[in-house]
Amino acid sequence: MSKRIDAIDLNVYYGKFRAVEDVNINIDPKSVTAFIGPSGCGKTTFLRTLNRMHEVLPGAHVDGKLLLDGDDIYGPGVDPVSVRSMVGMVFQRPNPFPTMSIRENVLAGLKLNGKRISKGDADAVVEKSLRGANLWKEVKDRLDKPGSGLSGGQQQRLCIARTIAVEPEVILMDEPCSALDPISTLAVEDLIAELKEQYTVVIVTHNMQQAARVSDKTAFFNIAGTGKPGKLIEYAETSQIFNNPQEKATEDYVSGRFG
Amino acid sequence: MSKRIDAIDLNVYYGKFRAVEDVNINIDPKSVTAFIGPSGCGKTTFLRTLNRMHEVLPGAHVDGKLLLDGDDIYGPGVDPVSVRSMVGMVFQRPNPFPTMSIRENVLAGLKLNGKRISKGDADAVVEKSLRGANLWKEVKDRLDKPGSGLSGGQQQRLCIARTIAVEPEVILMDEPCSALDPISTLAVEDLIAELKEQYTVVIVTHNMQQAARVSDKTAFFNIAGTGKPGKLIEYAETSQIFNNPQEKATEDYVSGRFG
Amino acid sequence: GSNNPTPENTGGEANGGGSLSGTISGGGASSQEAAMTAWIDGFRSVESGATVQYNPVGSGSGREGFLAEQYIFAGSDAAMDAEELEASQQVCGPDGAFHIPGYISPVAVAFNLEGIDSLNLDAETIAGIFAGEITTWNDAAIADQNPDADLPDTPITVVHRADSSGTTENFTDYLAAAAADTWTWGVVEDWPQEIVAENAQGTQGVVGQVTATDGAITYSDASAVGDLGTVAVKVGEEYVPYSAEAAAKAVENSNPVEGAAENDMAVELDRNTTAEGSYPIVLVSYHIYCNEYADQETADLVKAFAEYVVSEDGQSTAEGSAGNAPISDSLRERALESISGIGVQG
Amino acid sequence: MTTTTSQSSLHDPKAAGGRAGDKIFSGTALTAGIIILAILAFVALYLVIESLPALTAGEGELSHGKTSFWSYVGPMVVGTILASGVALLIATPVAVGVALFISHYAPKKLSQPIGYVIDLLAAIPSVVYGAWGMTFLGPLLVPLYEWLHEYAGWIPIFGGEPSQTGRTLFTASVVLAVMVLPIITSLCREIFVQTPKLHEEAALALGATRWEMVKMAVFPFARAGIVSAVMLGLGRALGETMAVALVLSPGALQASLISAGNQTIPAEIALNFPEAFGMRQNELIAAGLVLFVITLVVNMIARWIVSRHKEFSGAN
Amino acid sequence: MSTMTNTDLENKGRSKLTAGQKPTWTWIACLAGAAVVAAAIMTVIGFNVAGWVITTAIGYVLAMYVTTRVIENGRKATDGLWTNLVVAAFLIALLPLVSVIWTVLSIGLPGLVEQGFLASDMLGITGAVDQQTAAEGTNVLGGVKHALIGSLLITLGATVISVPIGLLTSIYLVEYSRGGAFARAITFFVDVMTGIPSIVAGLFAAGLMMTLVGPGDNVMGFSAVIALSVLMIPVVVRSTEEMLRVVPNELREASYALGVRKWRTILKVVIPTAISGIASGVTLAIARVIGETAPILVTAGVAIQTNWNLFKDWMMSLPVYIYRQMMFPTAPAAPDPSEQRAWGAALLLIIIVMLLNLLARVIAKVFAPKKTGR
Ligand SMILES: Nc1ncnc2c1ncn2[C@@H]1O[C@H](COP(=O)(O)OP(=O)(O)OP(=O)(O)O)[C@@H](O)[C@H]1O
Ligand SMILES: Nc1ncnc2c1ncn2[C@@H]1O[C@H](COP(=O)(O)OP(=O)(O)OP(=O)(O)O)[C@@H](O)[C@H]1O
Ligand SMILES: [Mg+2]
Ligand SMILES: [Mg+2]
Ligand SMILES: O=P([O-])([O-])[O-]
């Protein structure tokens, strides 16, 4: 239930504009990897290439290889749909489906598979996922209420529950806490620590304290200026990045001079 | 060209919902004051009451007194328009007018109000404001190009130029750097340091390093939970807030445990 | 030519190469539209300073507009009833309005059968076809009267007018009078809904429909039937095909409407006529004028135009354009006399 | 005047002029709104006054010996609703499909010109549609009617003798469908493209196929919009005059849609108004009033449907 | 796997991600199969091209569905099915468009290019003239000048009345009303107004003007202007309202924050930003009314000569011209010249609307917010 990810010479484009240049990175299974870097350096862009969400935008495309346990997800004939059901994603802004109840939201991904599941099994999945997302206690009495009625932090955890309900191998999170208040942030951070027992987790954050708290390894991206492509500057153990970075740019950034 | 601000028992509402409770604060002229606090605690809301932009939203209203050099801007018969031309505002996302050139954007505050000014005077205002916003050198050769063609940081400084062109007494800034890359952030921070020579500046930021770098005094807002009103917890010299806070909540927050 | 074709004209200003000026508006029957276009154009070449305009809004709207003083004159496929005549006194002074049968046109019964240009039918058979009782072309009722025709077993598609129409009124008037047993729906402007049949809007619509449909039959202003086959109608013992003369004859032999004023030329057509050579399915469209107009200028203009319409010149111009039947000389004489009475309200 | 300070800088006397400008402008805008309501009130008043004689007429007072106004207008109400209903049944799926095609399926470069081309359909005058339906579409459909009658004749709507000219209620409905299609399409398209990317991406990230994404994110978001687009189309179809008048071969109310017969209110008015006077005119205007009321009711139903779904809509 | 070079990382065998997919040529096979089967069915029940194409299309969609279902899975099959259906919907919608345009073009072009068609009106054109034309096969005389000018004037008049009222109303709805009962009433009744049958609008305008200026004089271009305005206003309100709503609030706030008054903000910021959308909304509204027949017929009458005055005398318009020429030919015995003129005018009308559309696009381009850079 968790896979390794290897990017080989990956370039990411928006139309003609190269947003991310030549990334090579190896992400271990059952670990938390944090992407940090100034705004516009391509963290989100790169993250979205990991489950082929990037190509959803018009004109966006990718060049290079991205291996999921050795299989190139950009290989010929690969169906993005099957990639996405292996690599789940949580977005910056919580986005539960507004027309569905909490329960339906959790089951949304599961229902897609067209498998008929008994009510009992479904209940089990809902409870397991919501427990996994640390939300069960708060919502167990109102599973049939609309998901959009929850607070921001609860919504974000509902989205996490929805993602883990389909049992992906990798979970990607793009600034999952930036819209949240401190209490919710805490809850999500605790959750990430639990998730890595089972999943490969990749998280984008602009909060360095958070990166330091939750991640095993950290990747620092930077950008030379507007219109230039973003690059992976340094990738190492989190403690090393924050305490003993090898690159000048990394040091400037983590010392808080910017951003 | 700068005024003091005193809020007395200010409560701010969205319809029936009280978003900010009983704020009492005295902001000195020619200083930079930073508002910090977790998401949703009412920083933006309170800031917008300072130039009566809050009431633009349907159902929004204010209770209490807000004195600008001793005059209550919520007093009977006060025209919000004249308040706003004294208290300028810069928004989180740069928002130059897309239909106007750079030059027209700077002059917008004057021209939109139908004031007639000679071309010479206008040129002088444009140059002065753009110089004041640290943007003159970068754009002086393309004043007739659309303002939306600039980079994010340049756009934000254009918005600042537009604001100072109407010669306000106070400038409010709501997370002016959150959409910007580090280089632009630096430029705007330098600018704020210059602006306080002439103006009273109030800035909202979620970046504590930034607050520490630019502000003289810092106000920490907090919120007890979703649906509860935000409160001003502590207001003091910036150095004191960051190094020697009086309140436990402030300490938790600035020590980076949250947000 | 002269714009004063008749010696009876008394309006001094109304002669010579166009001494009149002004605009008169009329409105009403669309059946007259083509003829009216020709009259307006012809009148303009005689009286270059005067303008006539005509809105083919339909007979009913035309009469109503006339009574509402919207139109100076009206064109109508039906004569005004007593009530309307009484109302006309409000507009036209104590003598009210009067009718001139300016436009006479035979209504042809036209069909589309390959190779057959003409059929002989009596009123009963025509009524039977249009009532939906006779449904195929080789029906005995048709075949008996046309021993020489090679009739197919094609079903008959009846096409009637979808809109309210003076043509329908005249045609059903004929059926109701000449075949009362078969045609039980009376005289109607709207085709009876009980008879399920095809229909189309306007003369052009029905003719187009019949032209496009094998085995179809309709009734229509004869000028528009083009290449379609037509019916010779049984009158007395002979079969009379439609023609201008036969139609004019039918009008000439008709009786004035009971109780009409001296100068009112509204007629009661005798659809059951046995008079030799007269074709009874004929549409008479009137021009309705006031006996008295509010001012001299209007009165002169109307008089000049009305005279032009019935003049030999006017009638032949119309025939050339619209294919209607010119009125007979005796009708013209009576018409000119009536028109000469147009005056100014005292 | 002020109680707080003697000379408040906030009370700028020059500002008074500016405030008047605001008052005048908002007053003008409000007046425009009032004018609209007034026009509508006048139209309604005109309709009511002119149709009162027909509505209140007793036996024998109506033209051509009609027994009562309601028995006259009733079949046409059914005909009108039938024609527009069938038109919508045909147009809605196609229009939604086309809108989806433009918003989510077509290559981005193609979708703009395609939208333009579809909008062109809306620009063709109704007389032209009528002429096209009468001369081209009707005859084209005749074989289909015969086929339908032969194989599906047991269904009442295909039961009657098929028309030889193709000028039937069904043909009229097809023409109406073509006419309302661009209206529904362009509104649906506008709404579909506004579906929050957030929800679309949420669905895709769960491993949804494109169609599943449309079902999960686009349709729930657009439901209210689709309803009001369809209602707008229905309004157009209900009120269409010339096209129906030219295409339909009207007659008494009947179940079969493929034979001559049936009539719609606007076509009835257009066909008969010219020759109408007196009571006949009142009857036709009263029929117009009935149509007006139908439109009103349809719109109320639409509003109701839309508001019922409001709380579930994705707009937050 | 001791030393990790990039190429070592890749599984060289078959990728798990591409297992069990249908070959790429499946669709060709399905299409060919469907075509053959359809041809077979058609030969049994009588061949006809339209039927063959339709049967092939249905067969192809079904075959693709079944194949995908068997080889891959139900979800993919459903996805493919709906993709095919959506594309089919688009193709179906194209059919009538192509057909109508083709009909009008092929019949209307000879009329439109006839010499003097645009420069002359119908003065002096009687049935006799047309009959002669038809008999001798000479050029069709007469033209659309009067109708063209009438249409343009009447539409312009309606635009001048409707656009300010409609635009101001939508400004009220978007900028001033705060969702109150009055605003809801306006929105509702605007919806109702879109459903007023055009003939009723015409009758209303004729009646209104009759009471205002008296009978006779009420038949003029201006009455038609009123009728068309009744039809046009709701369309303008609806479309401009949408356009104003999408103007970002941050621009309004930027303006307010500069101390700019609301009305100036609306005039100088909101409307310029939305101008391209407003322009295309207005064009749409114009397109909606320029083709109206019935309301003009009962308000402006018919005329055979050019009239430049909206406030006096009758006026012709293109749709009325088309309708009259088509249904009531100048020469009943020789309708061909009239028909040619009618279709020529129809083509002209469509071209005008297309030009208007293009104009709106140009306006949109010129005034659109400049979106260079990010
Ligand atoms: N949809 C898009 N089309 C074109 N360019 C884009 C798009 N989205 C992002 N970019 C560009 O790609 C580059 C990387 O953007 P990205 O959003 O990945 O940055 P980021 O590191 O996630 O920044 P942030 O911290 O602000 O989220 C930027 O230059 C940005 O302008
Ligand atoms: N337009 C609005 N209508 C109703 N409630 C609102 C509105 N805007 C904000 N609120 C509520 O007011 C409270 C304060 O919001 P505010 O935007 O001022 O917070 P903030 O401190 O600026 O947060 P952030 O750091 O995320 O910008 C929140 O509970 C928010 O949900
Ligand atoms: Mg990002
Ligand atoms: Mg904020
Ligand atoms: O002249 P009509 O009344 O038959 O159109």
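Structure above, values below:
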| read-out | value |
| --- | --- |
| Hits in region A:97-110 - residues which are within 14 Å of A:Val139 (Cα to Cα) and not polar (S, T, N, Q) | A:Ile102, A:Arg103, A:Glu104, A:Val106 |
| Scope region B:46-70; condition within 16 Å of ligand 4 (Cβ to nearest atom), surrounded by fewer than 22 Cβ atoms within 10 Å (Cβ to Cβ) and of a type in the set (Val, Ile, Thr); matching residues | B:Val56 |
| Top-ranked residue in region B:25-45 [being at positive phi and near ligand 2 (Cβ under 7 Å from one of its atoms); ranked as surrounded by the most Cβ atoms within 10 Å (Cβ to Cβ)] | B:Gly37 |
| Test: residue in region B:170-177 that is within 16 Å of ligand 3 (Cβ to nearest atom) and within 13 Å of another protein chain (Cβ to nearest Cβ) | yes |
| Residue list for region E:197-234, restricted to those being assigned to a loop (DSSP other than H, G, I, E, B) and either buried (at least 24 other Cβ atoms within 10 Å of the Cβ) or touching a helix residue (DSSP H, G or I) at 6+ places or on another chain (Cβ under 6 Å) (or both) | E:Pro197, E:Asn218, E:Val219 |
| Some residue of region C:180-195 being within 12 Å of ligand 5 (Cβ to nearest atom), in a helix (DSSP H, G or I) and of a type outside the set (Phe, Trp, Tyr) | no |
| Set A:Thr200, A:Thr185, A:Thr163: member being under 22 Å from A:Val254 (Cβ atoms) and among the hydroxyl-bearing types (Ser, Thr, Tyr) | A:Thr185 |
| D:Ala83 vs. criteria under 30 Å from E:Leu97 (Cβ atoms), touching a Cys at 6+ places or on another chain (Cβ under 8 Å) and crowded, with 22+ Cβ neighbours inside 10 Å | no |
| Entirely in region C:241-346, the helices (runs of 4 or more DSSP H) that have 1 or more residues that are surrounded by fewer than 22 Cβ atoms within 10 Å (Cβ to Cβ) and hydroxyl-bearing (Ser, Thr, Tyr) | C:296-310, C:312-322, C:329-340 |
| Neighbours by Cβ (under 6 Å, 6+ apart or cross-chain): first from region E:19-30, farther than 14 Å from E:Asn73 by Cβ; second among the polar types (S, T, N, Q) | E:Thr26/E:Thr67 |
| Test: residue in region A:101-117 that is among the small types (Gly, Ala, Ser), surrounded by fewer than 24 Cβ atoms within 10 Å (Cβ to Cβ) and either closer than 30 Å to A:Ala249 by Cβ or more than 10 Å from every other protein chain (Cβ to nearest Cβ) (or both) | yes |
| Residue satisfying condition, being within 30 Å of A:Gly59 (Cα to Cα), modelled with pLDDT of 85 or more and of a type outside the set (Phe, Trp, Tyr), within set D:Ser71, D:Ser111, D:Ser103 | D:Ser103 |
| Condition check for A:Asn24: in contact (Cβ under 8 Å) with a residue 40 or more places away in the chain and under 26 Å from A:Leu195 (Cβ atoms) | yes |
| Hits in region B:41-97 - residues which are at the interface with another protein chain (Cβ under 7 Å from one of its Cβ atoms), within 15 Å of E:Ala254 (Cβ to Cβ) and either within 16 Å of ligand 5 (Cβ to nearest atom) or touching a Leu at 6+ places or on another chain (Cβ under 9 Å) (or both) | B:Asn51, B:Met53, B:Arg84, B:Ser85, B:Gly88, B:Met89, B:Asn95, B:Phe97 |
| Segments classed as helices (runs of 4 or more DSSP H), wholly inside region D:182-264, with at least 3 members that are crowded, with 22+ Cβ neighbours inside 10 Å and more than 9 Å from every other protein chain (Cβ to nearest Cβ) | D:219-239, D:242-247 |
| Of all residues in region B:18-40 being more than 28 Å from B:Asp190 (Cβ to Cβ) and within 14 Å of chain A (Cβ to nearest Cβ), the one that is farthest from ligand 5 (Cβ to nearest atom) | B:Gly40 |
| A:Lys16 under 16 Å from A:Ile233 (Cα atoms) and basic (Lys, Arg) | no |
| Among (1) outside any strand (DSSP E or B); (2) touching a helix residue (DSSP H, G or I) at 6+ places or on another chain (Cβ under 9 Å); (3) touching a residue at least 24 places away in the same chain (Cβ under 8 Å) - the single one A:Gly77 does not satisfy | (3) |
| Out of C:Thr125, C:Thr136, C:Thr168, sole residue that is more than 14 Å from chain D (Cβ to nearest Cβ), among the polar types (S, T, N, Q) and away from ligand 4 (no atom under 16 Å from the Cβ) | C:Thr125 |
| Tabulated pairs, region E:78-95, first touching a residue at least 24 places away in the same chain (Cβ under 8 Å), second in a helix (DSSP H, G or I) and among the small types (Gly, Ala, Ser), C-beta under 7 angstrom, 6+ apart or interchain | E:Leu85/D:Gly97; E:Ala88/E:Ala57 |
| From the options A:Ala193, A:Ala219, A:Ala211, residue that is within 13 Å of chain B (Cβ to nearest Cβ) and either away from ligand 3 (no atom under 16 Å from the Cβ) or hydrophobic (A, V, I, L, M, F, W, C) (or both) | A:Ala211 |
| Qualifying residue in region D:195-212 (condition: touching a residue at least 24 places away in the same chain (Cβ under 8 Å) and among the hydrophobic types (A, V, I, L, M, F, W, C)) | no |
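The values are calculated or read from the model by the stated rules, or taken from the named source; none is laboratory data. These figures come from a predicted structure and were not determined experimentally. Positions of Cβ are generated from backbone atoms using ideal geometry, with glycine treated the same way; all protein chains shown enter the neighbour counts.
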